[in-house]
Every structure is written in structure tokens, then in C-alpha cells.
Amino acid sequence: MNGMGDTIVAVATAWAPAAIGIVRLSGPQALEIVLAFWEGKKPRPRQAHYGVLREADGSLLDQVLLTYFPAPHSYTGEDVVEIACHGSLYILRRVVERCIEGGARLARPGEFSLRAFLNRKLSLDQAEAVADLIQAQSAAAHRLAMSQLTGAYYEKVRRFRAQLIELLALLELELDFSEEDVEFASRAQLETLLVAMQTEIQALLRSYRVGQAVRQGIPIAIVGRPNAGKSTLLNALLAEDRAIVSDLPGTTRDTVEERLFLGGYELRLIDTAGLRENPADAIEAEGIRRAREKVRQAFLILYVFDAAQETLTEARTYAPALLGTESLPPIIWVGNKADLLSVSPAPEADVVFISARNGTGLQVLEAAIVQKLEALGAGSETLIAHARHYESFSRAQVAVESALALLRNGGGTELLAEELRAAQAAIGEITGEITPDEVLGHIFSHFCIGK
């Protein structure tokens, strides 16, 4: 990695006017560079010191708090200096420029966290979790990032790796003493452990779609026939008039997407064109095509039907044809215009009767959405949320399955050890023990400059 011995500087807070802004330096000359234009007591480690920063001509730049973190007890593992100044963009820019004049260079995106990884202060999956934590928009996304940083997901990945290393050590012993026909690893225990690992990895791989949805916002498609009240429902959930509402069928021609925070989840609500077998024109036909595409991409469907015109049984019967597929995401059936019914329908699982126009039943629907997301695993702390992890676990799964096949068919110790090495290497790529430089570059380029 070029330039890792340089001293780097960047604004660590948002680039916007604020009461306080922080400029961070990391590298061997961090303290020396700042002391050149600092006026105050010589900083003691891990203590905040009040002082002033001066321009080259001696004029006052700002009154600041300076904190010094000497290596290796810092975020990056290097000498780190953090300057808390007033959050004027001019002041922040001048502080960075003064540091550059003193010999620092502007940090590349994610370079502070990259240095933390290279200095073994963070593993690679923890570094990704830091980025996810910064970007988290909901309680669920925050929980998922924290699990990857220090929680259940973090522990599971490391347990897999530790188990594989232990098994490999025993098999390597067998290879070293192959002439003596000694078995250090019980084949029955080995099979039991690998079967358990296979089951857990399969569960993780199945969780990938859920993890991505939680991290990026859970897509929920609002679909149904024209004039069922889909746009009215979207507006009611958002508590604002976001979609145009009309009594004329086919008012919504394109998809309308809005974000809603509900029960700790970030939802991407997608209002779609009304579905019918015979669209009136080419524009409506295109709207229906797009609606069906959103159905295929959705994590959950709110199927809205006019309860005053259509029974639940009829809605369930015709929905697959209208949606254009038999393979549907999970559905909550929403009977709208229930205020027009003379008799209240009996409650059923995944069925909610509402009046989107006057708000009746909306709280019940919101609770049903959260309950459904929980049932689909969105509340779990052990979800794969990154494509890189999914690909690595997929290769680990193949290697574990090959190892099991060898065990059950009397395969040799050397071949068995080779498969376990492959599984260990795949999981090692998740934590960063085995990771090509181009992968590191891709991961850390997605960080903000000051992190």
C-alpha cells in the first residue's frame, strides 16, 4: 500500500457548518505538524487541551481543543491528533491547509480505517461494519452493523475459523505421523462438527437477501387493481400527500417510492400502477410491466383490494395472474374501504381490513408489517449484509460439503485437509487474514474521507 508511512489529515466530521468540527491527523509526524502552529500547553496523551491555532503570520486562526493519542493506543494504531475547532467551513479548510503546509497530505477515502486494519486494530469485516454504522438510517441497520462489529455475527465468523484451524492442526499431525497410522481427529466427531458448520453456513447464506434489505432499506411493493386505494394507502402511511389520488382508474402510471421508518426498520414503500388484464393503452401497459418488476424485487407485498367490491377469496384467487407470477414474495392482504362494509370481517393471519381514507386500521396494518418482517428474520443479528461475505461463505460451504463427502466415502487425510484449508481461506477473506490489495482498495474507497 503506497503512502502508508505518510502523515495524513482530513476533516472527520460532516462537511457542513456546525457548532464543532473535527480535523484528524494520523502518522509519525502528526503531533509535530500541529505543534508548529499550536499555542498552548504541550499535549499529554489522551487528554483534551485548550489552546489556539495561529496562521503563518501569527494571526489567530481559532480557539480549539486538541487531543493526542500516541501509537499504538489509537484508532489507527499510529500517532493520532484530533483538533476540535469551531465548525466554520473556512476554519476547517484552513486547519487542514496548515497541516498540509507542515508536511501532511490529504487522506484518501477510508484511509484512517485502512490503516487501522493494516495495524491490526480492526479486522476487515469490522472495518466494513464501521462504514455501515456511519451509514445506518434505522435501528435495525444499526443493530446489524454492531453485530458485525462486536456481536453475534462477529463471534460466529471467528468461531468457524477457530474450529477449522483446530481441525487442520489435528489432520496435519496425522500427516506428520502417517507411517504410524495414528488418528488424532476422530472421524465421527469431525463429521458432527462439519455437519453443524454446514447447517449454520446454509442459514447464513439464506439470510443474505434479508441482510441486504435491512442494510439498504426494505422494499415493500403496494400493489392491486386500479382504484383499490394503493396511493391513498401510501399517503396515509407517510402522513402526507405524496401520490396523486383520483377516482379515475389508472391515475398512477409509474412507480412512486418513498421511505418510511417503522418499528426500527427503514422501509422503501413502492406505490405501483393498478393491475388489470386489459390495459387501456401502451402507457398503462408499461406501468403494469414496471409494477410486476417491482413485485419480483420486493421483500414484502401489500396487496390492496377493494373490500367493498371484492372478497378476500377472490383477491387471493386472481392475484397471481395479475401479478404475473406464481412465485410471490410474502404478502399481507389489505382490504381497503372496510368502512363501507356492513359487517366487520373475521380476523385472519396476514389479513388487515382498513380505511385508508379515514385512517381506520392503519395502526393494525403497521403492527402487521413489523410482525411480518420479524417473522421473515429481519430482526436477527446474524445476517449476511455484504456480497463479499456471501461469496466467501459460498466457497466455504462448497469446501465443507466436499470435506463431508470425503469423510463419508473414506477419502484420504491429505485430501480432507486440503478442503478444510480451502474453507479456512474463504472465511479468512471475510476477516481480512487473506485478502488481495485490490479487494482492500474497493472496500475502503467507499468510506468517507475522514474515516
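Every number here is computed from the coordinates shown, using simple stated rules; none is lab data. What you are looking at is a predicted structure, and each value in this text was computed from that prediction instead of being measured. Here the Cβ positions follow ideal geometry from the backbone for every residue, glycine too, while neighbour counts run over all protein chains shown.
Here are a few things to note about the model shown:
- Rg and Dmax, both from the Cα atoms of the stretch 8-121 and both in Å, are 13.1, 41.
- Length released on extending from Glu391 to Gln371, taking residue separation times 0.36 nm less the Cα-Cα span: 4.2 nm
- Selection among Val364, Gly77, Pro330 by position relative to the dipole of the chain gives Val364 as farthest towards the positive end (Cβ unit charges, Cα centre).
- Ranking Ala30, Val343, Asn235 by Cα position along the charge dipole of the chain, where only Lys, Arg, Asp and Glu carry charges on their C-beta atoms, puts Asn235 farthest toward the positive end.
- Note on Leu173 and Leu118: the model spin-label points, each 7 Å out from Cα along the C-beta direction, lie 3.9 nm apart.
- Sequence-separation-based contact order of the stretch 332-409, relative, with Cα cut under 8 Å and 6+ spacing, percent: 20 percent
- The overall shape of the stretch 218-375 is rounded: from the C-alpha gyration tensor, with semi-axes ordered a ≥ b ≥ c, the ratio a/c is less than 1.5.
- In this calculation the C-beta distance from Ser342 to Gln297 is compared with R0 = 45 Å, giving a FRET efficiency of 0.70.
- Anisotropy class of the stretch 248-318 from Cα gyration tensor, a/c 1.5 cut: oblate
- Under the convention that each Lys and Arg Cβ holds +1 and each Asp and Glu Cβ holds -1, the size of the dipole of the chain around its Cα centre is about 1380 debye.
- Inter-part distance where the stretch 267-296 and the stretch 325-403 are each reduced to a Cα centre, Å: 21 Å
- Computed FRET value (nearest 0.05) for Ala14 with Phe261, which takes r as the C-beta separation and R₀ as 25 Å: 0.75
- The length gained on full extension between Ile165 and Thr199, counted as 0.36 nm times the residue separation minus their Cα-Cα distance, comes to 10.4 nm.
- GluC sites (Glu not before Pro), loop per DSSP, at most 13 other Cβ atoms within 10 Å - longest free stretch of the chain: 56-182
- Span-like helix ranges in the chain, DSSP H, alpha carbon extent 24 angstrom or more, Kyte mean at least -1.0: 152-176, 187-206, 387-408, 413-431
- By the helix-only formula, in which each DSSP H run with n ≥ 4 contributes -39500 (n - 2.57) and the sum is divided by residues, the chain has a 222 nm mean residue ellipticity of -14500 deg cm²/dmol.
- Note on Glu55/Gln137: beta-carbon distance plugged into 1/(1 + (r/R0)^6) with R0 of 30 Å gives a FRET efficiency of 0.15.
- At 1.002 mPa s and 20 °C, Stokes D of the chain from Kirkwood alpha-carbon radius, µm² per second: 82 µm²/s
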